[in-house]
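Enquirer: Dumping the structure here so I can ask a few things about it.
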Amino acid sequence: MNIQTINERIQSQKEALLQHSLYHKVQTISDLHLFLESHIYAVWDFMSLLKALQSQLTCTTTPWFATKNTEIRYLINEIVLAEETDLTLDGKHQSHFEMYIEAMESCGADTREINAFLEDVFETKNIFVSIKKSNLHPNIKAFLDFTFRVIDEGKSNKTAAAFTFGREDLIPSMFTEILKNFQANFPETDLSKLIYYFERHIELDADEHGPMAMQMISELCGQDESKWEEVSAISIVALEKRIGLWDAIEEMIIKKETVLV
């Protein structure tokens, strides 16, 4: 098995995600706010997947020892550098999560819920407890729970699969669609930080991180068919959870519009 085989197996899920009707439901600034306030959880747990991979594939403890696969070490550290300390629109260095939070605040979206959730995670020291007792939509809970159960299992090929096929490989196409709608629907609103965030993701993931993540999968699986099968299975579930997240956001937008009517 190889990357091409995985792409063939997940094609139907990718098409369902890329053709999702949510993209056309973001019609007002309040729709945009709702989207951002829900999608932020995917931005955050993406960083957790990334740092889990760094922990699994490089040495992040002392005493330091060189990990065996220098190519994988390079790939993951390169991705971490940009995702955790990228250059912002105003010349600072921030993680993409922090950039997203600032973009939310600059366009009037509410960050209180995500901040309260993260405070709870910090206090409980148990992500699964925090997810369960939160007031998040069930699909968002399922999305987060899946991510952290993959991380908790500690198998780098599975973590890389969720990271690569569930996230990095899709981000350019998904965000391009979203960005088109934002630019068309909100020309009078200052979305400069948000647009910069999306365009930065498109640039990094299409040109650099996507290919790097694919190479990382190949390095991790090699000729081991059982590892490739695990990658295939996890990738399908990761995409289904992402579709569920999109379903949840669309449902909340429709529900909001019904209440207003």
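Enquirer: Only one of His33, His39, His24 is in contact (Cβ under 8 Å) with a residue 24 or more places away in the chain and open to solvent by 60 Å² or more (accessible area, probe 1.4 Å); which?
Expert: On the way: His33 fails: open to solvent by 60 Å² or more (accessible area, probe 1.4 Å); His39 fails: open to solvent by 60 Å² or more (accessible area, probe 1.4 Å).
After applying the criteria, what remains is His24.
Enquirer: Could you please tell me which pairs satisfy a Cβ distance under 6 Å, a separation of 6+ or placement on different chains, a first residue in region 205-222 that is of a type in the set (Val, Ile, Thr), and a second residue that is surrounded by 23 or more Cβ atoms within 10 Å (Cβ to Cβ) and at pLDDT 80 or above?
Expert: Partner pairs satisfying both residue conditions: Ile217/Ala160; Ile217/Thr164.
Enquirer: Do we have Ile178 as touching a helix residue (DSSP H, G or I) at 6+ places or on another chain (Cβ under 8 Å), over 30 Å from Arg73 (Cα atoms) and surrounded by 16 or more Cβ atoms within 10 Å (Cβ to Cβ) here?
Expert: Values: touching a helix residue (DSSP H, G or I) at 6+ places or on another chain (Cβ under 8 Å): yes; over 30 Å from Arg73 (Cα atoms): yes; surrounded by 16 or more Cβ atoms within 10 Å (Cβ to Cβ): yes.
Yes: the conditions hold for Ile178.
Enquirer: What number of residues within region 42-66 satisfy the criterion of being in contact with a helix residue (DSSP H, G or I) (Cβ under 7 Å, 6 or more places away or on another chain) and either surrounded by fewer than 14 Cβ atoms within 10 Å (Cβ to Cβ) or acidic (Asp, Glu) (or both)? Walk me through it before giving the result.
Expert: Narrowing region 42-66 to residues in contact with a helix residue (DSSP H, G or I) (Cβ under 7 Å, 6 or more places away or on another chain): 42-50, 52-54, 56-58, 60.
Okay, now just the ones that are also either surrounded by fewer than 14 Cβ atoms within 10 Å (Cβ to Cβ) or acidic (Asp, Glu) (or both), so 45, 60.
The qualifying residues number 2.
Enquirer: Still on this structure, I have one more. If the requirement is being within 20 Å of Ala248 (Cα to Cα) and surrounded by 19 or more Cβ atoms within 10 Å (Cβ to Cβ), which of these qualifies: Ile79, Ile131, Ile127? If you could, list the steps in order and put the result at the bottom.
Expert: Working: Ile79 fails: within 20 Å of Ala248 (Cα to Cα); Ile127 fails: within 20 Å of Ala248 (Cα to Cα).
None of the others qualify; the one that does is Ile131.
Enquirer: Do any residues in region 149-165 that are more than 19 Å from Leu75 (Cα to Cα) have Cβ atoms under 7 Å from those of residues that are modelled with pLDDT under 95 and among the hydrophobic types (A, V, I, L, M, F, W, C), where the two are at least six apart or on different chains, and which pairs are they?
Expert: Val150/Ala162
Enquirer: While we're looking at this one, here's another question. Restricting the search to region 185-231, which residues are of a type in the set (Asp, Glu) and either within 22 Å of the chain's Cα centre (by Cα) or closer than 20 Å to Tyr74 by Cβ (or both)?
Expert: So in region 185-231, the residues of a type in the set (Asp, Glu) come out as 188, 190, 199, 203, 205, 207-208, 219, 224-225, 229-230.
Selection gives Glu199, Glu203, Asp205, Asp207, Glu208, Glu219, Glu230.
The values are calculated or read from the model by the stated rules, or taken from the named source; none is laboratory data. Here the structure is a predicted model, which means the values were calculated and not measured. Ideal geometry is used to build each Cβ from the backbone, glycine not excepted, and the neighbour counts take in all protein chains shown. Calculation scope for accessible area: heavy atoms of the full protein, side chains included, ligands and nucleic acids excluded. Shrake-Rupley method; radii C 1.70, N 1.55, O 1.52, S 1.80 Å.
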